[in-house]
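**Q** Following this message is one structure expressed as structure tokens.
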Amino acid sequence: MAVTHLKQSKPAAERAEDDAKVRTVVEATLLDIETRGDAAVRELSQKFDGYLPETFRLSPTEIEAAIQKVSPRDMEDIRFAQDQIRRFAQAQRASMTDIEVETLPGVILGHRNIPVQSVGCYVPGGKFPMVASAHMSVLTASVAGVPRIAAAAPPQKGEPHPAIVAAMHMGGAHEIYCLGGIQAVGAMALGTETIAPVHMLVGPGNAFVAEAKRQLYGRVGIDLFAGPTETMIIADETVDAEMCATDLLGQAEHGYNSPACLITNSRKLAETTMIEIERILKILPTAETASVSWKDYGDVILCDEYHEMLEVANDMAYEHVQVMTDRDDWFLERMHSYGALFLGPRTNVANGDKVIGTNHTLPTKKAGRYTGGLWVGKFLKTHSYQKVVTDEAATLVGEYGSRLCMLEGFVGHAEQCNIRVRRYGGRNIPYGAAAE
């Protein structure tokens, strides 16, 4: 296999050192929130956001006031995006059906898809207020039928961000909090005097929010382990360097540590894309962020042929994978580890992030090997049930169950089966013996 790294990102050891520092801060902060509740949350909000309202939960009047600040055009755009996301989420929900089958005469098995009862949705603010994240988490939870949806986002310039509040409200949030960072996810997961704890946390965030969710996992459910956004382009000479460079930098601007990777079988495309990236960085308004991200976390990988490109891409398991080749459907059929695929030059990650209808909360750091992204099914728990409705079935299953329990040495288990064989089958089985 001939794979050449024309540009390579920061070594894994350096990345691990950064992660360790974040872990320590998050652990101490969550302990403080758990110990001191609202007092800790208020101190953190004042320290990091300079924001200290009487209460972090917005009243109906405050929600309406925020919505009034959103322009008609922006409101229309939010509605359009939510319509697309709702339509796809509803189709996904319809695909998940409850079942009930009679596997033997008198033995009925089934499962029900039950919504998680309370969810905390985090919407990032920081450098970029992520309005779209409100659609992806709040609206999708609403379609799933979650009865209590709490949503939180940090303040912007000392007040709730109007468009985020509008998107949360329109998406179906029952509680809206102007609260950011570790203090937001910590308060929602652990609970405080004024914020009731939730059963599940969802939504993207910075490294501290992602680490907080990781540490809270187990006490609450989470959508997935999320790191900085990642983008990969798999391309051949059917596309040009300008498009590849634009799409790589379009995601690299997310943060200083957002991986961006080009995998190609064309040395010419690889080299001209790197030149084009340098040209665009001179005029890109977000170049300060994107240039650092590209320098430290950018990769350009040259392969001999398509099978090698596929193998490298599956091994790296990036969050966003954009395929622009003469065989896009070939990659669709063979890719197995990724967050979401974007097929063909007319498709792009930004549309997936904001409007097209699929969910933008996706697995990073190779989590695509074992999970997909956030979708309506993440808010549903599939619970099984069983019932035996005839004496004959109780006897038959009980006889097998009795012997299998005794095989493992579980006498008490066996007696659960035996009492039913005695009661419904008229059999006299000595205590502690297997049904014969």
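The values are calculated or read from the model by the stated rules, or taken from the named source; none is laboratory data. Since we're looking at a predicted model, the values are computed, not measured. Neighbour counts are summed over all protein chains in view; Cβ atoms, including those assigned to glycine, are modelled from backbone coordinates with ideal geometry. We work out accessible area using only protein heavy atoms, side chains counted, and drop any ligands, DNA or RNA first. Shrake-Rupley method; radii C 1.70, N 1.55, O 1.52, S 1.80 Å.
**Q** Do you know which of the residues in segment 274-299 that are in contact (Cβ under 8 Å) with a residue 40 or more places away in the chain and of a type in the set (D, E, K, R) is surrounded by the fewest Cβ atoms within 10 Å (Cβ to Cβ)?
**A** Asp296
**Q** Also, quick follow-up: Considering each of Ala151, Ala189 in turn, give the residue that is buried (at least 24 other Cβ atoms within 10 Å of the Cβ) and assigned to a helix (DSSP H, G or I).
**A** Ala189
**Q** Please return the ranges of strands (runs of 3 or more DSSP E) entirely within segment 38-143 where 1 or more residues are crowded, with 21+ Cβ neighbours inside 10 Å and among the hydroxyl-bearing types (Ser, Thr, Tyr).
**A** Fully inside segment 38-143 and qualifying: 118-122.
**Q** What number of residues within segment 192-227 satisfy the criterion of being assigned to a loop (DSSP other than H, G, I, E, B), more than 19 Å from Tyr370 (Cβ to Cβ) and not polar (S, T, N, Q)?
**A** The number of residues fulfilling the criteria is 9.
**Q** Something else now. I'm told Glu278 meets every condition in (1) modelled with pLDDT of 95 or more; (2) touching a helix residue (DSSP H, G or I) at 6+ places or on another chain (Cβ under 8 Å); (3) under 29 Å from Glu17 (Cα atoms); (4) not polar (S, T, N, Q) except one. Can you identify the failing condition by its number?
**A** (2)
**Q** Give segment 402-414 a look and list any residue that's in a helix (DSSP H, G or I) and open to solvent by 20 Å² or more (accessible area, probe 1.4 Å), or say none.
**A** Matches in segment 402-414: Arg403, Leu404, Cys405, Met406, Leu407, Val411, Gly412, His413.
**Q** What pairs come up if the first residue lies in segment 10-31 and is closer than 22 Å to Ala189 by Cα, the second is aromatic (Phe, Trp, Tyr), and their beta carbons are under 9 Å apart, counting only those six or more places apart or on different chains?
**A** Final answer for the pair search is Val22/Phe208; Val25/Phe208; Val26/Phe208; Thr29/Phe208.
**Q** Now for a separate question. Filter segment 164-186 for residues that are of a type in the set (Asp, Glu) and buried (at least 24 other Cβ atoms within 10 Å of the Cβ) and give the result.
**A** Hits for segment 164-186: nothing passes.
**Q** Got at least one residue in segment 250-273 being in a loop (DSSP other than H, G, I, E, B), among the aliphatic types (A, V, I, L, M) and surrounded by 18 or more Cβ atoms within 10 Å (Cβ to Cβ)?
**A** No - not one qualifying residue is present in segment 250-273.
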